[in-house]
There are 4 protein chains.
Amino acid sequence: MIIQLKSDANSQQIEAINQALADRSYKANPVSTQHRNYLVAIGKSEIDIRSIGVLEGIADIHRVSDQYKLVSKKWKLKDTVIDLGDGVNIGSGDFAVMAGPCSIEGEEQVESTVEHLASNGVRIMRGGVYKPRSSPYSFRGLGQEGLKMFHRLCSAKSIKIITEVMQVSQIKEMFDFVDIFQVGARNSQNFNLLDALGEVDKPVLLKRGISGTVDELLFAAEYIFSNGNEKIMLCERGIRSYEKAYRNTLDLNAIPILKERTHLPVIVDPSHGIGLRKYVEPMALAGIMAGADGIIVEVHEQPEKAFSDGQQTLNYKEAEILYRKMKDCFRLRESW
Amino acid sequence: MIIQLKSDANSQQIEAINQALADRSYKANPVSTQHRNYLVAIGKSEIDIRSIGVLEGIADIHRVSDQYKLVSKKWKLKDTVIDLGDGVNIGSGDFAVMAGPCSIEGEEQVESTVEHLASNGVRIMRGGVYKPRSSPYSFRGLGQEGLKMFHRLCSAKSIKIITEVMQVSQIKEMFDFVDIFQVGARNSQNFNLLDALGEVDKPVLLKRGISGTVDELLFAAEYIFSNGNEKIMLCERGIRSYEKAYRNTLDLNAIPILKERTHLPVIVDPSHGIGLRKYVEPMALAGIMAGADGIIVEVHEQPEKAFSDGQQTLNYKEAEILYRKMKDCFRLRESW
Amino acid sequence: MIIQLKSDANSQQIEAINQALADRSYKANPVSTQHRNYLVAIGKSEIDIRSIGVLEGIADIHRVSDQYKLVSKKWKLKDTVIDLGDGVNIGSGDFAVMAGPCSIEGEEQVESTVEHLASNGVRIMRGGVYKPRSSPYSFRGLGQEGLKMFHRLCSAKSIKIITEVMQVSQIKEMFDFVDIFQVGARNSQNFNLLDALGEVDKPVLLKRGISGTVDELLFAAEYIFSNGNEKIMLCERGIRSYEKAYRNTLDLNAIPILKERTHLPVIVDPSHGIGLRKYVEPMALAGIMAGADGIIVEVHEQPEKAFSDGQQTLNYKEAEILYRKMKDCFRLRESW
Amino acid sequence: MIIQLKSDANSQQIEAINQALADRSYKANPVSTQHRNYLVAIGKSEIDIRSIGVLEGIADIHRVSDQYKLVSKKWKLKDTVIDLGDGVNIGSGDFAVMAGPCSIEGEEQVESTVEHLASNGVRIMRGGVYKPRSSPYSFRGLGQEGLKMFHRLCSAKSIKIITEVMQVSQIKEMFDFVDIFQVGARNSQNFNLLDALGEVDKPVLLKRGISGTVDELLFAAEYIFSNGNEKIMLCERGIRSYEKAYRNTLDLNAIPILKERTHLPVIVDPSHGIGLRKYVEPMALAGIMAGADGIIVEVHEQPEKAFSDGQQTLNYKEAEILYRKMKDCFRLRESW
């Protein structure tokens, strides 16, 4: 059960609600986000929510039969829109495009990418400065200094930044230099990191685990939301299957199912999703028709020379064709 | 290596080619299809194919590095078009739609479906008369009599028929009443059935195994082709994964990969693919953007009352919306 | 519900039982096996089975809540023992060992294997004469002639034969020369083949599908049993997973679960199961501790020179060590 | 390439080695563990390691073709033994048993378990105080206070403690109260946590990811080792597959493969592995025959009343039977 409190609910009223819940063996979890104050009440017995709803201080009350609560569409029918400022929105009528290299490599590379993006109307740049790597001996990214440079060059052109955060201690030092924190597939159930990201006021893009279920992804989002941050988007990035013809199995089935279950925006990552450059375009377009609100795609001036994995990265020319076709697809979808 | 023989190649010439191959430790598999005569030569050593190509009786010769040969795009760049007669083609510039119920249930049902299809310009009707069922106690279809009725009602309206064949002995009795033989996922490596379907002149739609690989699907097609039947289409119908949020995992990654590897048409089955009615539409549309040449979709006047599984079946109204959107998607794709 | 009929039940009595079932909206499937006559009654409503049980002609009656019936342990608590003659039993207190090459290659090979088996007390030889192969251009086995030779050499030493049957038409021609029909993983849901094997009086070893579920395996066995053949054993042979460190994922979890659910003997195939020779021994021993009733293992005098896949095949010396350790394991298990 | 430095190697000698490596385009990663100092040299070209080996200050030098280095058996043939003190060793000739509840619930529960363990000769107790939970609203464990109580009661009886660490900041506060840090499946690629655990002198048990590969598990161990901690054991705990008959798919194939590839001890977790209480025993015994060095198993006085998941937990009586049978299995294995 989700209880939205009135903005002027006083402590006496809240106390009375808590007492009424306790009387019915429900545990109330108070949640304060950027937008509102809630009580998420968890209990086992069936109760008539009207007996709670009549209490003072309550703006709205909903039964939510899903195990996840605040991220469920059963409670909040209206799709969440994430406003990044400067007219950049995710989840609204616009289709969000986030493009850029796997890793931030240096000033020249960022400048070139920013120019490519700006001239194609792309408003969000992706690029890793902390890189999770299977082997401890691999390049792990330019770190904080790289991020500052990345931010300086992007903000000069009003390009927003999405980059991966790998641990709690990085959140504070990254905060001023990112527009979206990305949680990678390997950290999709790093609950301490999710808790901590719930405590900041900055959008989070949450990737599905390498073999994460749709429910686990929603629960991960619930961790963030229930700690106070409503600005979450979900990302399908390919799962593990037995098939070896491609590197990951982009699971587009997850898109319409997530759109049905949650009010959060859903992004598709065709680059990691299929992992092979020449199939990125059709999978991106398929993702739009499946219902995605946006795309995150790897683009590099010279994919062959990229620091990290260039096998799945488009060059500028390929990316431009993709941007154009995505616009066509999105326009067609909106026309129905 | 694939050697296309001239149509007037004589036995002496063929003998000489075989001898030349044997001298190089290559084994020649003679293949005669509806369209041509071939020798598929398999060997381990590297040879200069020009030394064979100069022999008389040869129209064309190709090295094919894939393990499958006749179905490979490395040999035949031009996409295969399957002509069903009456202007119905699969794999040409048209998008093929095959729609209908899971099982043929009776005359009334077929008539209603035929009318629905005809009034929406759909030219191919699907419907099972031999049904593979997990339990031996389940309904196994109306059989031969049902097929005859199905054929009578469809041919009256120039609607083509696709239906599943489950064993070699059925081929002959079904032959006059079907336009496309469907091989189900459970028989995707029933090699004797594939051999036998290679010996008839009738198109075959081959479904990917329940956890079949892309390569296994191509090899299955090679069985049919190498026995003499070039009229093959491939169908992605969902694979098995760990995810339980949907019934199967429609693997759209397979679409662009198959289109890259083979000249055969590629069909997508979103009904079995995701297995849940309300997600069939987005997955079908996504399939088109991924590059499919056609769709096979379950439609029933009253899905709730269908004999077999109605959980993944659209009603007529839902189907009509889908037909229209698919047309839009296909037109957009063709416009690029 | 399973109704075991008395051996002297007359048609009038059976008619009355059928009528009583029909009155309760139950469909009776008559089953006559080597051992007994049954009615398998399928219906949706809850009924008091005692109201049926009081009728004449009934030896025993059981409610079976599983969807599979005749193979369920809920009905038949006592484990099935398969008697191959000459004192060779499967599923009794003895541990069954079936060993031999992947493919029958020739007289010399069979003689050598027979000698190896006889001198180690192994009573059942495996070896394929009809080989399912991914590629149509691969060696498909010595066929009927090979089988006759195989049978002649084995029966001279009282060695029993297990070999794969791939299609209905082979059953009759193989019947006199085999002791156990093997159904391969690719045919695990070839329902026509299962039906036909239900009509013969010869044991069948049924392999789990390449990504078959435990339930599908039990349903496949139900096909055979419900057509009249009780002599069935089940075989775990490795499933498909995402892991590439071995060729298949031997799923030993299936062993105790099958032993709990069915009265049929359960065999483990560590050779295909893990697919890598040096790990066959530990997986075989693990299989015994998991509860298997027997093993089927690939052995060849010179695995490197085997016609088909030698990567997973033990040589004689390795096999002898395995036989000895398996005996120790089985003895320990029986001692508890 | 792994270079073991002499314990008295001086900085000048090390400098010379680094220079020689740099000359050959090799990057040297210095590693100092509890036992030794190493240089792990990574490069692309083939070099004659003897040209390095002749330099002063080097105790030993090995080429390691695996991508993981320090954990590879190609370098260190002798199995690692982890000494927990008080005569408790893991990876030696003894079979290690770690048993206890999923979650630490209170003093009474710990006392009861300690008594059960002590009277059965079990020297290591498992029990979670920080619990990773899918839902943010679930019980997350007793935390630091629970750990102190757990440690007090165990150390009174010389019982060692293994418990899960979830984030870097917990390491320091847990350090004095644990004998083995456990890294859970969800954190198997939490590289920052692995780095930090490499910097402490305390054994670590590393669980395979929920769909982690064998290679990823070895790489995760390499993270810890290369940061300075050699005391690592690996744990197979079930992977995700399509099968729904059990909760996880215990992958015993991983046991012999890990034993072949690494010198680290390998532990099997049959409780999470199959996830169903009545199958824990056969899977545990199978794990021993597959080659495991130890077991970690869930035991609770009253599994039905356990705070967290009791579905996979043995009661004391079941556990006692298992301990005895495991002893028999291990003794048999050692006798060969």
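All of the numbers you see were taken from the coordinates with simple rules; none came from a lab. Keep in mind the model is a prediction, meaning the values are calculated, not measured. Ideal geometry is used to build each Cβ from the backbone, glycine not excepted, and the neighbour counts take in all protein chains shown.
Summary table
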quantity: Shortest-first nm distances, residue C:119 label point to equivalent points in other copies (7 Å, Cα→Cβ); calculated: 5.4, 7.9, 8.0
quantity: For peptides C:284-292, D:140-148, sequence by mean Cβ density within 10 Å, most packed first; calculated: C:284-292, D:140-148
quantity: Lys, Arg +1 and Asp, Glu -1 on Cβ, resulting dipole of segment A:82-335 about Cα centre, debye, nearest 20; calculated: 520
quantity: Shortest-first distances to equivalent copies, position residue A:11, nm, label 7 Å out along Cβ; calculated: 5.9, 9.0, 10.5
quantity: Cβ-defined net charge surrounding residue C:76, 11 Å radius [Lys, Arg +1; Asp, Glu -1]; calculated: +2
quantity: Local electrostatic count at residue A:247 - Lys and Arg +1, Asp and Glu -1, tallied over other residues with Cβ under 13 Å; calculated: +2
quantity: Set C:73/C:157; A:160/D:131; D:207/D:317 screened for pairs whose C-alpha atoms are more than 32 Å apart; calculated: C:73/C:157; A:160/D:131
quantity: Nearest-ten-degree value, helix A:11-23 long axis tilted from longest Cα axis of chain A; calculated: 80
quantity: Karplus-derived HN-Hα couplings along segment C:57-64 (A = 6.51, B = -1.76, C = 1.60, θ = phi - 60°), whole Hz, x at Gly and Pro; calculated: x, 9, 7, 7, 9, 9, 7, 10
quantity: Calculated FRET value between residue C:107 and residue D:77, using beta carbons and R₀ = 51 Å, to 0.05; calculated: 0.70
quantity: Percentage relative contact order, segment B:1-85, counting C-alpha pairs under 8 Å, at least six apart; calculated: 37
quantity: Built amide H within the under 5 Å cut-off of residue C:37, gap 5+; calculated: C:5
quantity: DSSP beta bridges in the protein assembly as shown [antiparallel fraction, %, rounded to 5]; calculated: 40
quantity: Angle in degrees between helix B:316-335 and the longest Cα principal axis of chain B, rounded to the nearest 10; calculated: 40
quantity: B from D by rotation - nearest chain D beta carbon to the axis, in Å; calculated: D:242, 3
quantity: Ordering of C:166-179, C:100-113 by packing [mean C-beta count within 10 Å, highest first]; calculated: C:100-113, C:166-179
quantity: Charge context of residue A:187, other residues only, Cβ under 11 angstrom, K/R +1, D/E -1; calculated: +2
quantity: In Hz, Karplus ³J(HN,Hα) per residue of segment B:267-276 (6.51, -1.76, 1.60; θ = phi - 60°; x = Gly, Pro); calculated: 10, 10, 10, x, 5, 5, x, 10, x, 10
quantity: Whole-Hz couplings from phi, Karplus 6.51/-1.76/1.60, listed for segment D:302-315; x for Gly and Pro; calculated: 9, x, 5, 9, 4, 4, 9, 2, x, 4, 10, 9, 7, 8
quantity: Exercise: per-residue mean of other protein chain Cβ atoms within 10 Å, D:246-252; calculated: 6
quantity: Centre separation in Å (Cα based) which lies between segment B:210-286 and segment C:146-202; calculated: 33
quantity: Label-to-label distance, nm, for residues given as residue A:327 and residue D:16 (7 Å Cα→Cβ offset); calculated: 6.6
quantity: Shortest-first nm distances, residue D:60 label point to equivalent points in other copies (7 Å, Cα→Cβ); calculated: 6.2, 6.4, 6.7
quantity: Mean separation of Cα contacts under 8 Å, 6 or more apart, over the residue count of chain A: relative contact order %; calculated: 16
quantity: Residues with amide H under 5 Å from that of residue B:64, placed H, sequence gap 5 or more; calculated: B:2
quantity: Separation of alpha-carbon centers, segment C:26-60 and segment B:50-68, rounded to whole Å; calculated: 65
quantity: Under 5 Å, built H, 5+ apart or other chain: amide partners of residue C:128; calculated: C:103, C:104
quantity: Per-residue average of Cβ from other chains inside 10 Å of D:215-224; calculated: 3
quantity: Peptide A:42-51, shielding by other chains (average Cβ, 10 Å cutoff); calculated: 0
